[in-house]
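**Student:** Structure in structure tokens, see below.
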């Protein structure tokens with residue numbers, strides 16, 4: 001409910017609450033009934049010219065100022081994300097080489113990188129001389 005509608009409704013509500021200064025009960029009850037903060041409830045009750053104890057008003061304003069300064073509920077800090085996470089590595093890949101058309105990463109997994117011999121081993125029938133470019137005959141080139 002917006003403030004003008006609340007103020008119009010509150011005139012009748014204050015009369016139902018009872019005559020006389022109720023102080024804390026009235027401000028708290030107003031804030032609960034209309035779902036406002038204590039500061040808003042205090043301001044609207046003063047707008048309606050409801051008589052409240054000046055000492056209580058001063059204490060309430062001090063409390064509102066202190067809680068708005070951050071002494072109330074504190075936010076939990078967000079964990080710091082290491083550099084390169086998601087771009088060059090993540091929980092599954094030690095190194096992300098690229099992404100598929102569907103957006104899935106491809107690269108070297110943590111299992112492969114923790115045991116580099118597993119994917120660097122040469123097959124038993126491979127010959128190291130076959131990697132020498134001078135040893136390749138023109139007839140063997142596929143293109």
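Read the figures in this text as sums done on the coordinates, not as results from a lab. Everything numeric in this text was worked out from a predicted model, so none of it was measured.
**Student:** Give me the tail of P(r) for the range 3-70 as a percent: Cα-Cα pairs with distance above 17 Å.
**Tutor:** Numbers: 820 of 2278 pairs.
Roughly 36 percent, once rounded to a whole number.
**Student:** Work out, step by step, the length gained on full extension between residue 63 and residue 76: first 0.36 nm times the residue separation, then minus their alpha carbon distance; give nm to one decimal. Each step should come with its number before you reach the end.
**Tutor:** Working: separation 13, 0.36 × 13 = 4.68 nm, distance 2.29 nm.
Fully extending the segment from residue 63 to residue 76 adds 2.4 nm.
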